[in-house]
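Take a look at the structure set out below.
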Amino acid sequence: MKKRDLSKITDKVCALTFDDGPSEITPLVLDVLEKYNATASFFIVGHNVFRYPENADTMRRAVEMGCTIENHTYGHKNLRDMDYDDLLANFYATQYVVNKVIGEEPIYFRAPGGGANELVYKTIPLPFMIGDCGSADWNSREDDPATSDLETRVAGILRVAHDGHIMLMHDNAGNHITPKALDKALDKLSKDGYTFVNLRELFEIKGITPKAGECYQWVDVYNPETGEPTFRV
């Protein structure tokens, strides 16, 4: 991964994260990131690489740009329905796929739909990243006005952006509006002084070392029972 000089970044820093790829949408996201000299963390679904080997080239391009590849399970299924063995199988299959492609295993984890329980938190040996999906872009159906309108997505991103923010978006197949919304939002936020980084850079800048089994929303440790941060920088 390309190492960037983070020494001059002190405030208005936001981590960009994308779930459910890689897909044909991911290169379009990378094009936007290049335009703004931004990096991001991609929480990939392992079978998207196994089923579509061309997506491995997309992962390698992302890493060459300074992005990171993280774990979003192998099959994107509800983890709360799984037993211990199934949880580990889903987790380690994606660790293996990522390591095989880029030579490095993910160090962060995000549960599909944010769904987890005590068994999940105790089984998966990585920090959990929650994030804030202000863009509401998880639905790629272009016939759904609640989630498909470009300006609505842009407004959602701008509304939730703040220093230390973990911004959650989706680069799943068919989600053509997300790269367009990202472009418009980054244009506005960059003019407002924001710098866009991947998760590892964000925690380095903020001087935090995430711990396995803890949930992070923004640069906080997040309590999934109460919905409140238990630690805030």
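Within the stretch 124-133, the only residue that satisfies the criterion of being under 15 Å from D85 (Cα atoms) and buried (at least 19 other Cβ atoms within 10 Å of the Cβ) is I124.
Going by what's in this entry, would V49 be described as outside any loop (DSSP other than H, G, I, E, B), crowded, with 17+ Cβ neighbours inside 10 Å and touching a Ser or Thr at 6+ places or on another chain (Cβ under 9 Å)? Yes. The set of residues in the stretch 75-104 that are part of a loop (DSSP other than H, G, I, E, B) and charged (D, E, K, R) comprises K77, D83, E104. Any idea which of (1) of a type in the set (G, A, S); (2) modelled with pLDDT of 90 or more; (3) surrounded by fewer than 16 Cβ atoms within 10 Å (Cβ to Cβ) is the one A146 doesn't satisfy? With (1) of a type in the set (G, A, S); (2) modelled with pLDDT of 90 or more; (3) surrounded by fewer than 16 Cβ atoms within 10 Å (Cβ to Cβ) applied to A146, the lone miss is (2).
Checking T68, T58 one by one, the residue that is among the hydroxyl-bearing types (S, T, Y) and under 18 Å from Y108 (Cα atoms) is T68 and no other. Restricting the first member to the stretch 68-96 and to residues that are under 27 Å from E201 (Cβ atoms), and the second to residues that are of a type in the set (K, R) and assigned to a helix (DSSP H, G or I), the beta-carbon pairs closer than 9 Å and six or more apart or on different chains are T68/R200. Residues in the stretch 101-130 that are acidic (D, E) and at pLDDT 95 or above were compared, and the one that is nearest to the chain's Cα centre (by Cα) is E105. Of the residues that make up the stretch 194-201, is at least one more than 15 Å from D20 (Cβ to Cβ), in a strand (DSSP E or B) and in contact with an Asp or Glu (Cβ under 8 Å, 6 or more places away or on another chain)? Within the stretch 194-201 (the criterion being more than 15 Å from D20 (Cβ to Cβ), in a strand (DSSP E or B) and in contact with an Asp or Glu (Cβ under 8 Å, 6 or more places away or on another chain)), the answer is no, since none of the residues qualifies. Of the set (1) of a type in the set (A, V, I, L, M, F, W, C); (2) crowded, with 16+ Cβ neighbours inside 10 Å; (3) assigned to a loop (DSSP other than H, G, I, E, B), all apply to L6 but (2).
The values are calculated or read from the model by the stated rules, or taken from the named source; none is laboratory data. Everything numeric here is computed off the predicted structure, so don't read it as measured data. All Cβ positions, even for glycine, are placed from backbone atoms using ideal geometry, and neighbour counts span all protein chains on display.
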